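All remarks here apply to the structure that follows.
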Amino acid sequence: MDLHTLGIADLRRGLRSKEFSATELTQAMLGRIEALDPKIHSYLEVTKDSALSQAKEVDAAIQAGAYDDLGILAGIPVALKDNLNLKGTHTTCASRMLESYVSPYTATCVQNMLDQGAIVLGKLNMDEFAFGGSTESSAFGPTRNPWDTDRVPGGSSGGSAASVAAGLATVTLGSDTGGSIRQPGSFCGVVGVKPTYGVVSRYGVVAFASSLDQVGPLARSVEDAAIALNAISGRDPLDCTSQHIDTDFTANLAEGVKGMRIGVIPEFMEGEGMDDEVRDKLNEVMNELKNMGAEIVEIELPNVHASLSAYYVLGPCEAFSNLARFDSVRYGYRDPGHKDLNGQYEASRSVGFGPEVRRRVMLGSYLLSSGVYDTYYYPAQQIRTLITQDYVRAYEKCDCILMPTSPYTAFKLGEVKDPTAMYLSDTFTIPINIAGNGGMNVPVGLGNDSHLPIGAQLICPAFKDENMFRAAAALETVYGSACVAPDFEKAGA
Ligand code: GLN
């Protein structure tokens, strides 16, 4: 049986009816990882022993007829971006700086998955410290896109998207500061959700930009993503920005979009800033939503064009501050042989951090320096307020907004060399982090020219994440749920 293609509901059915055991399922997934992951390098660490012992516990419950007493993710194979702490495993953030760091504690979102019975297969590759859009900046080598291994999977949660698209995990967690769940979701043809800021606790997530970071699930179906979000969302006393959430994100998946108001931005529908095939898809998706009974309304976001500029001020400033802790004394790589402290700091951070991390840290340090602060940081905060207000006004007219996720499909490894060109790949995702709203990628088939996955992005008002899930589920009835990439579907251990 092709267990690696099944979603949560089917896996649960099979486990409950003893068609296969949790151990068999886990072994099948571990076997696939061993045989197939070398082609894409989505995993940085495979937690084989703990996965098998977790599976044993689930099997004991199944034998005792107590499967339904376990959580909603009981026996489900999941994996985690390597900036999420799981006690006893490495949390490297794909950086030399943290190469030998072993987590002494577990992130709340990860603990929530464990409490629901999930089986953790391992930790996943990413751009170093989540700075990037291609997973090429990992200090341990890039991840490749299962749809075409000459191409990038997107980033920074490239391992999280590629492993799901290759059938090497059922659900994964990623983090999204400017698009890092949605853009790789789009490149790899899987669902990727960036919940509203505050839906998921950030405790135990290595911080990039604390006012923008949010954890979310990647999966091959909208339902699986909703189930996973149910598991990880909610108030956590250890993160004061987390909120009480009692929404069941699966509740309205079957409702359809009849009567829903979907906002579109006319310039985007005309293809401004995106490839022709993305524009064509976006218009097709809009028409599908209309055919299913949604009301399409035109909206304006007059300040949204300034999002990228604001993000590349605010992001590096927060990153500079957050990454100050990697000082080679308390954490991380320590360059040997220095007698003075400054020399040790300098050498350790120069060797431990890769070029993109150093670029952001230097940029943040400059932007926050006296005299410069007023010119950049302060206006960027003002722009942030304007952008947030744009969305609030737009949502008076609509329940959800439709946009592309990425302006183009997955590019080739090494193709985008200029960092600022890489930054542009998040044109459509960054504004949502700036405003704090929820946004998600839904796969909507392949591009006419590239024959690679294209994603539609659905965005919702803050704490109305159920709206985007509802529209996404409707689109899934048209486009089908995401599949395992063709070259990996039949390939087996
Ligand atoms: N690609 C964006 C950046 O490089 C977003 C990264 C993210 O969301 N973690 O900053």
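A few remarks follow.
- About its Cα centre, the dipole of the chain is roughly 960 debye, where the only charges are +1 on Lys and Arg Cβ and -1 on Asp and Glu Cβ.
- Legend: Rg and Dmax of region 383-436, from Cα coordinates, 14.2, 43 Å.
- Tail fraction, Cα-Cα pairs, region 338-493, threshold 23 Å, whole percent: 59
- Under Stokes-Einstein, with the Kirkwood radius over Cα pairs as Rh, the value for the chain at 25 °C and 0.890 mPa s is 110 µm²/s.
- Simple point charges give the picture: +1 on the Cβ of Lys and Arg, -1 on the Cβ of Asp and Glu, and for region 212-369 a dipole about the Cα centre of about 960 debye.
- Extreme residue, positive dipole direction of the chain, given options Ala294, Gly364, Ile40 (C-beta unit charges): Gly364
- Net charge, Phe326 excluded, C-beta distance under 11 Å - Lys, Arg +1, Asp, Glu -1: +4
- Values of log10 I(q)/I(0) for region 440-487 across q = 0.16, 0.17, 0.21, 0.22 Å⁻¹ run -0.49, -0.54, -0.74, -0.79, by the Debye formula with one identical scatterer at each alpha carbon and no solvent.
- Convex hull per residue volume in Å³, alpha carbons only, for region 310-361: 66
- Rg and Dmax [Cα atoms of region 159-203; Å; Rg one decimal, Dmax integer]: 10.6, 30
- Charge context of Gly447, other residues only, Cβ under 13 angstrom, K/R +1, D/E -1: -4
- Loop trypsin sites (Lys or Arg not before Pro), region 1-35 (other Cβ atoms within 10 Å of the site Cβ: 15 or fewer; DSSP): Lys18
- Region 396-445 and region 466-493 have Cα centres separated by 19 Å.
- Candidate lysines - alpha carbon under 27 Å from Lys39, same-chain residues fewer than 8 apart omitted: Lys48, Lys81, Lys123, Lys412, Lys417, Lys490
- Separation between Cα centres of region 190-211 and region 327-388, rounded to whole Å: 22
- Neighbour counting of Cβ atoms within 10 Å sorts the residues His451, His90, His305, fewest neighbours leading, into His451, His305, His90.
- Computed from Cα atoms alone, the Kirkwood hydrodynamic radius reported for region 167-309 is 17.1 Å.
- Taking every Cα-Cα distance in region 305-407 and sorting them into 10 Å bins starting at zero, the pair-distance distribution P(r) comes out as 13, 31, 25, 19, 8, 3, 0 percent.
- Summing charges over all other residues whose Cβ lies under 13 Å from the Cβ of Gly155, with Lys and Arg as +1 and Asp and Glu as -1, gives -3.
- With kT/(6 pi eta Rh) evaluated at 20 °C and eta = 1.002 mPa s, and Rh the Kirkwood radius from Cα pairs, region 105-216 diffuses with a coefficient of 155 µm²/s according to Stokes-Einstein.
- Debye-formula intensities of region 208-249, expressed as log10 I(q)/I(0) at q = 0.18, 0.19, 0.20, 0.33 Å⁻¹, are -0.60, -0.65, -0.71, -1.13 (one equal scatterer per alpha-carbon, no solvent).
Where a number appears in this text, it was derived from the coordinates with a stated rule and is not lab data. For clarity, every value in this text was computed on a predicted model and none was experimentally measured. Here Cβ is always computed from backbone atoms with ideal geometry, including for glycine, and neighbour counts include all displayed protein chains.
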